[in-house]
Amino acid sequence: MEKQIPLVTWYGWHGDKPYSFKKPMYELKTAEEEKAYQEKLGNLLSYYYGTNCKKCCGVYPAFFTEGTFRDYGYYVCLVCGRESEHKVMSWMARDSWNNGEYSWTPEPKEGEQLSIFDYEG
């Protein structure tokens with residue numbers, strides 16, 4: 001099953017007319033690209049990523065909110081798309097990620113067998 005990345009509506013003005021368009025909330029990258037980007041952030045890494053979360057695919061997960069009225073938060077691995085359960089508070093989302101409570105986990109590729117260590121982080 002393929003993961004559906006949530007869309008965000010962006011608004012703007014063209015002359016005197018407003019317009020809107022939908023854009024994916026995030027894009028999945030390769031592990032090397034994401035690792036290089038996280039290293040580039042330096043001291044700002046903890047502002048955008050869960051540095052107190054277990055790493056997935058060798059990188060820290062990014063924090064997002066639903067953008068709805070209930071505005072739950074969750075962590076996402078920007079390499080494989082694994083997503084923690086959506087929780088009311090950011091610390092609950094962090095605990096959900098660290099305890100392996102995922103709302104979406106990628107299916108293993110054909111011929112690939114998962115072990116208990118794949119879920120350890």
(message) I need the full set of residues from segment 51-77 which are under 15 Å from Ala31 (Cα atoms) and part of a strand (DSSP E or B), in order please.
(response) Cys56, Val59, Ala62, Val76
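Select, from Ser46, Ser96, Ser103, the only residue that is at pLDDT below 90, part of a helix (DSSP H, G or I) and either surrounded by 11 or more Cβ atoms within 10 Å (Cβ to Cβ) or of a type in the set (D, E, K, R) (or both). Spell out how you get there, then give the answer.
Details: Ser96 fails: at pLDDT below 90; Ser103 fails: part of a helix (DSSP H, G or I).
Result of the check over Ser46, Ser96, Ser103: Ser46.
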(request) Please find, among Thr68, Thr30, Thr51, the residue that is over 18 Å from Trp104 (Cα atoms), of a type in the set (Ser, Thr, Tyr) and modelled with pLDDT under 90. (result) Thr68
(message) Looking at segment 73-81, can you tell me whether even one residue there is free of Cβ contacts under 8 Å to residues at least 40 places away in the same chain and out of contact with any strand residue (DSSP E or B) (no Cβ under 7 Å at 6 or more places or on another chain)?
(response) no
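Being among the aliphatic types (A, V, I, L, M), exposed (fewer than 13 other Cβ atoms within 10 Å of the Cβ) and out of contact with any strand residue (DSSP E or B) (no Cβ under 7 Å at 6 or more places or on another chain) is the requirement here; does Val88 meet it? Lay out the reasoning, then the answer.
On the way: among the aliphatic types (A, V, I, L, M): yes; exposed (fewer than 13 other Cβ atoms within 10 Å of the Cβ): yes; out of contact with any strand residue (DSSP E or B) (no Cβ under 7 Å at 6 or more places or on another chain): yes.
For Val88, the condition - among the aliphatic types (A, V, I, L, M), exposed (fewer than 13 other Cβ atoms within 10 Å of the Cβ) and out of contact with any strand residue (DSSP E or B) (no Cβ under 7 Å at 6 or more places or on another chain) - is met.
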(request) Check off (1) farther than 27 Å from Tyr11 by Cβ; (2) surrounded by 15 or more Cβ atoms within 10 Å (Cβ to Cβ) for Asn52 and give me the number that stays unchecked. (result) (2)
(message) Please go through segment 20-43 and give me each residue that is part of a helix (DSSP H, G or I) and either within 13 Å of the chain's Cα centre (by Cα) or surrounded by 15 or more Cβ atoms within 10 Å (Cβ to Cβ) (or both), ordered by number.
(response) Ala31, Glu34, Lys35, Tyr37, Gln38
(message) What pairs come out if I take residues in segment 36-56 that are more than 20 Å from Ser90 (Cα to Cα) and pair them with residues that are loosely packed, with under 13 Cβ neighbours inside 10 Å and at pLDDT below 90 whose C-beta lies under 9 Å away, six or more apart or interchain?
(response) Leu41/Tyr47
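The values are calculated or read from the model by the stated rules, or taken from the named source; none is laboratory data. It should be emphasised that the depicted structure is a prediction, and the values quoted were computed from it without experimental measurement. When we count neighbours, we look across all protein chains shown, and the Cβ atoms used for this are built from the backbone with ideal geometry, even at glycine.
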